[in-house]
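Student: Following this message is one structure expressed as structure tokens.
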Amino acid sequence: MKVDVVLGLQWGDEGKGKIVDVLAKGYPVVARFQGGPNAGHSLHFEDKQFVLHTIPSGVFRKGTLNIIGNGVVIDPIIFKEECIQIESSGVPVKERIAISKKAHLILPSHRVIDAASEASKGASKIGSTLKGIGPTYMDKTGRNGLRVGDILADNFLERFNTLKTKHISFLKQFDYTYDINEREAEWLEAIEYLKGFNLVDGEYLINGLLTESKRILAEGAQGSLLDVDFGSYPFVTSSTTTCAGACTGLGISPSKIGLVSGIFKAYCTRVGSGPFPTELNDATGEELRKLGFEFGATTGRPRRTGWLDLIALKYAIMINGVEQLIMMKSDVMDTFETVKVAVGYKVDGKETSEIPFDTFAEIEPIYKEFKGWMRDLTKITEESELPFEFMNYVRFIEKETGVPVKIISVGPDRDQTIFRQ
Ligand code: GDP
Ligand code: IMO
Ligand code: MG
């Protein structure tokens with residue numbers, strides 16, 4: 001057996017939560033491999049709505065084990081809040097979750113560093129979710145971090161205080177006022193709560209499950225264009241959001257990667273700073289935001305909106321080895337008379353089909369226009385009922401990318417999902 005991977009191909013918020021929840025029906029195991037509570041994955045079913053930050057989106061499926069892999073960073077306070085909320089809806093959350101002992105912990109002081117660092121950047125800030133993600137990964141690669149397994153050690157508190165002291169010293173470089181103890185008591189309580197969970201050697205668990213022929217679905221967080229290596233650096237997150245991250249973030253070999261599915265919105269959104277070549281700062285952009293309800297699931301910030309960018313999509317497909325596409329939120333453009341897609345870039349007056357190295361390069365997108373389908377897609381359940389103009393748009397994307405669109409989502413609910421033959 002291999003691990004199938006579902007990844008966001010844009011700047012996050014493609015609809016990973018919805019699709020993983022739908023697909024989890026066929027997977028006894030779902031695993032998150034990177035990111036942390038910067039993620040906000042929304043799920044809708046049976047008139048209920050949930051936003052998951054740390055917990056994999058298979059948690060609502062009976063019989064599915066949800067693994068939080070070593071590549072994830074965990075804020076115990078947010079994790080606890082999430083668990084309590086899910087539990088209150090009747091889900092036996094403790095039974096359904098296993099957490100790698102090698103996952104790193106986000107300390108309250110990591111959040112303070114995140115905020116201080118962003119404040120010091122002024123206008124060139126990343127637009128971080130301020131959940132402490134960057135500083136926690138810095139401590140991981142800097143070999144100073146605390147891991148979930150460490151909470152069981154007798155000297156955990158001592159090690160926590162040592163790292164906190166390091167952070168206080170690091171914070172001296174910033175002109176930033178903070179209360180380092182603000183969240184500490186709550187954090188330490190949440191650490192006690194975490195001890196009640198199944199803390200595992202995730203790499204042994206996952207490889208063992210593969211040997212037992214269990215189907216595993218790896219759930220990406222963020223998107224490929226926020227990847228620390230391949231995103232629009234420095235306006236990225238601090239983890240490997242691409243397919244390679246599933247190997248390092250779960251402890252599986254590349255030969256164990258199975259089907260790679262890439263999720264994209266029928267248009268584009270981005271939260272936070274950084275280049276967005278097809279961004280629409282006009283009434284159409286506002287319409288996309290309003291109709292798509294494009295506000296951050298984690299921070300509530302309005303998302304920037306724009307047309308689909310095929311140059312960026314093809315890049316993400318290449319980096320990840322995407323074998324099938326999942327197209328989300330098509331219904332948002334149901335009332336648009338015209339839909340545009342970027343098929344090329346003009347950089348310094350020259351046409352190119354590649355993303356330039358220079359993050360600050362002026363990019364002028366070259367668009368192809370499509371006639372809108374002007375039909376309500378939200379109640380359609382069969383491929384054969386999809387309007388001609390809409391299928392034209394889908395087929396063009398397939399032709400340009402060379403990858404089939406296998407699933408089309410036409411609304412936030414589990415049931416608003418069309419599987420193509
Ligand atoms: P994720 O971070 O990739 O899981 O995506 P988010 O949950 O942050 O953002 C996606 C938003 O779009 C959520 O509010 C979903 O409920 C919603 N959504 C997902 N799929 C569809 C769809 O096909 N149509 C519409 N209209 N909304 C969708
Ligand atoms: P999901 O999993 C959209 C963005 C932030 C910021 C940059 C760095 O829901 O798709 P960070 O907090 O990681 O330091 O922020 O990355 N970002 C996301 N944007 N969806 C996400 O997750 C994101 N996680 C981080 O807005 O621009
Ligand atoms: Mg999200």
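The values are calculated or read from the model by the stated rules, or taken from the named source; none is laboratory data. Fair warning: this is a prediction, and the values are worked out from it, not measured in the lab. Here Cβ is always computed from backbone atoms with ideal geometry, including for glycine, and neighbour counts include all displayed protein chains. Accessible surface is based on the protein model in full, side chains and every heavy atom, while ligands, DNA and RNA are left aside. Shrake-Rupley method; radii C 1.70, N 1.55, O 1.52, S 1.80 Å.
Student: So, Phe293, is that one closer than 20 Å to Pro387 by Cα and assigned to a loop (DSSP other than H, G, I, E, B) or not?
Tutor: Considered against the rule, which asks whether it is closer than 20 Å to Pro387 by Cα and assigned to a loop (DSSP other than H, G, I, E, B), Phe293 comes out as no.
Student: If you don't mind, there's one more thing I want to ask. Given (1) without any contact (Cβ under 8 Å) to a residue 40 or more places away in the chain; (2) surrounded by 16 or more Cβ atoms within 10 Å (Cβ to Cβ); (3) within 16 Å of ligand 2 (Cβ to nearest atom), identify the lone condition not met by Arg303.
Tutor: Of the numbered conditions (1) without any contact (Cβ under 8 Å) to a residue 40 or more places away in the chain; (2) surrounded by 16 or more Cβ atoms within 10 Å (Cβ to Cβ); (3) within 16 Å of ligand 2 (Cβ to nearest atom), the odd one out for Arg303 is (1).
Student: Here is a follow-up. Only residues that are touching a strand residue (DSSP E or B) at 6+ places or on another chain (Cβ under 7 Å), away from ligand 3 (no atom under 11 Å from the Cβ) and more than 19 Å from Ser100 (Cα to Cα): list them for region 11-42, please.
Tutor: Listed by number, the residues that qualify are Ile19, Val20, Asp21, Val22, Leu23, Ala24, Tyr27.
Student: Quick check: is even one residue across region 204-220 among the β-branched types (Val, Ile, Thr) and within 16 Å of ligand 3 (Cβ to nearest atom)?
Tutor: Checked against the condition, which is being among the β-branched types (Val, Ile, Thr) and within 16 Å of ligand 3 (Cβ to nearest atom), region 204-220 yields no hits at all.
Student: Among strands (runs of 3 or more DSSP E) lying entirely in region 1-83, which contain 3 or more residues that are within 13 Å of ligand 1 (Cβ to nearest atom)?
Tutor: It comes to 3-8, 41-45, 48-52.
Student: Sort out which residues of region 103-162 are charged (D, E, K, R), out of contact with any Pro (no Cβ under 9 Å at 6 or more places or on another chain) and either more than 20 Å from Thr298 (Cα to Cα) or open to solvent by 20 Å² or more (accessible area, probe 1.4 Å) (or both), and write them in order of number.
Tutor: Here is the first cut: in region 103-162, the residues charged (D, E, K, R) are 111, 114, 118, 121, 125, 131, 139-140, 143, 147, 150, 154, 158-159.
Cutting the leftovers down to out of contact with any Pro (no Cβ under 9 Å at 6 or more places or on another chain) gives us 118, 121, 125, 139-140, 143, 147, 150, 154, 158-159.
Correct list: Lys121, Lys125, Asp139, Lys140, Arg143, Arg147, Asp150, Asp154, Glu158, Arg159.
Student: To continue, here is another question. Quick check: is even one residue across region 169-180 closer than 28 Å to Pro302 by Cα, out of contact with any Cys (no Cβ under 7 Å at 6 or more places or on another chain) and small (Gly, Ala, Ser)?
Tutor: no
Student: Pull up region 43-55, narrow it to residues that are within 14 Å of ligand 3 (Cβ to nearest atom) and not hydroxyl-bearing (Ser, Thr, Tyr), then point me to the one that is surrounded by the most Cβ atoms within 10 Å (Cβ to Cβ). Even if it seems obvious, please write down each step before you answer.
Tutor: Going through region 43-55, the residues within 14 Å of ligand 3 (Cβ to nearest atom) turn out to be 43-44, 49-55.
Subsequent filtering for residues that are not hydroxyl-bearing (Ser, Thr, Tyr) retains 43-44, 49-53, 55.
Details: Leu43: 22, His44: 17, Gln49: 11, Phe50: 20, Val51: 14, Leu52: 28, His53: 22, Ile55: 23.
Within region 43-55, the match that is surrounded by the most Cβ atoms within 10 Å (Cβ to Cβ) is Leu52.
Student: Scan region 225-232 and give yes if some residue there is open to solvent by 10 Å² or more (accessible area, probe 1.4 Å), farther than 18 Å from Pro254 by Cβ, more than 15 Å from ligand 1 (Cβ to nearest atom) and hydrophobic (A, V, I, L, M, F, W, C), otherwise no.
Tutor: yes
Student: Within region 359-373, restricting attention to residues that are more than 19 Å from Val394 (Cα to Cα) and open to solvent by less than 80 Å² (accessible area, probe 1.4 Å), which residue is nearest to ligand 3 (Cβ to nearest atom)?
Tutor: Thr359
Student: Hey, another quick one. Of the residues that sit in region 274-302 and are of a type in the set (S, T, N, Q) and modelled with pLDDT under 95, which one is nearest to ligand 3 (Cβ to nearest atom)?
Tutor: Residues of region 274-302 that are of a type in the set (S, T, N, Q), as a first pass: 278, 281, 284, 298-299.
So of that shortlist, the ones also modelled with pLDDT under 95 come out as 298-299.
Details: Thr298: 7, Thr299: 10 Å.
Within region 274-302, the match that is nearest to ligand 3 (Cβ to nearest atom) is Thr298.
Student: If you don't mind, there's one more thing I want to ask. Could you please find all residues in region 330-352 being within 28 Å of Phe419 (Cβ to Cβ) and open to solvent by 50 Å² or more (accessible area, probe 1.4 Å)?
Tutor: Matches in region 330-352: Thr335, Lys340.
Student: Next up: Testing Trp307 on (1) away from ligand 3 (no atom under 16 Å from the Cβ); (2) closer than 25 Å to Phe50 by Cβ, one condition comes back false. Which one is that?
Tutor: (2)
Student: List pairs: first residue in region 337-357 and of a type in the set (D, E, K, R), second residue assigned to a strand (DSSP E or B) and open to solvent by 60 Å² or more (accessible area, probe 1.4 Å) anywhere in the structure, Cβ distance under 9 angstrom, at least six positions apart or on different chains.
Tutor: The qualifying pairs are Glu337/Lys371; Lys340/Tyr367; Lys340/Lys368; Lys340/Glu369; Lys346/Glu364.
Student: A follow-up question, please. Got a number for residues in region 64-94 being more than 14 Å from Asp21 (Cβ to Cβ), out of contact with any Leu (no Cβ under 9 Å at 6 or more places or on another chain) and in contact (Cβ under 8 Å) with a residue 24 or more places away in the chain?
Tutor: The qualifying residues number 8.
Student: On to the next question. Considering only residues that are within 12 Å of ligand 2 (Cβ to nearest atom) and surrounded by fewer than 19 Cβ atoms within 10 Å (Cβ to Cβ), which ones fall in region 259-274?
Tutor: If the condition is that a residue be within 12 Å of ligand 2 (Cβ to nearest atom) and surrounded by fewer than 19 Cβ atoms within 10 Å (Cβ to Cβ), then Ser273 is the only one that fits.
Student: May I ask you to list the residues in region 394-415 that are in a loop (DSSP other than H, G, I, E, B) and open to solvent by 40 Å² or more (accessible area, probe 1.4 Å)? It would help to see each step written out before you state the result.
Tutor: In the first step, residues of region 394-415 are kept if they are in a loop (DSSP other than H, G, I, E, B); the result is 402-404, 410-412, 414-415.
Scanning region 394-415 gives Gly402, Pro404, Pro412, Arg414, Asp415.
Student: Going by the structure shown, is Val29 in contact with a helix residue (DSSP H, G or I) (Cβ under 6 Å, 6 or more places away or on another chain), within 21 Å of Glu95 (Cα to Cα) and away from ligand 2 (no atom under 15 Å from the Cβ)?
Tutor: Numbers: in contact with a helix residue (DSSP H, G or I) (Cβ under 6 Å, 6 or more places away or on another chain): yes; within 21 Å of Glu95 (Cα to Cα): yes; away from ligand 2 (no atom under 15 Å from the Cβ): yes.
Considered against the rule, which asks whether it is in contact with a helix residue (DSSP H, G or I) (Cβ under 6 Å, 6 or more places away or on another chain), within 21 Å of Glu95 (Cα to Cα) and away from ligand 2 (no atom under 15 Å from the Cβ), Val29 comes out as yes.
Student: For region 369-421, which residues satisfy the criterion of being acidic (Asp, Glu) and over 17 Å from Glu14 (Cβ atoms)?
Tutor: Glu369, Asp376, Glu382, Glu383, Glu385, Glu389, Glu398, Glu400, Asp415, listed by residue number.
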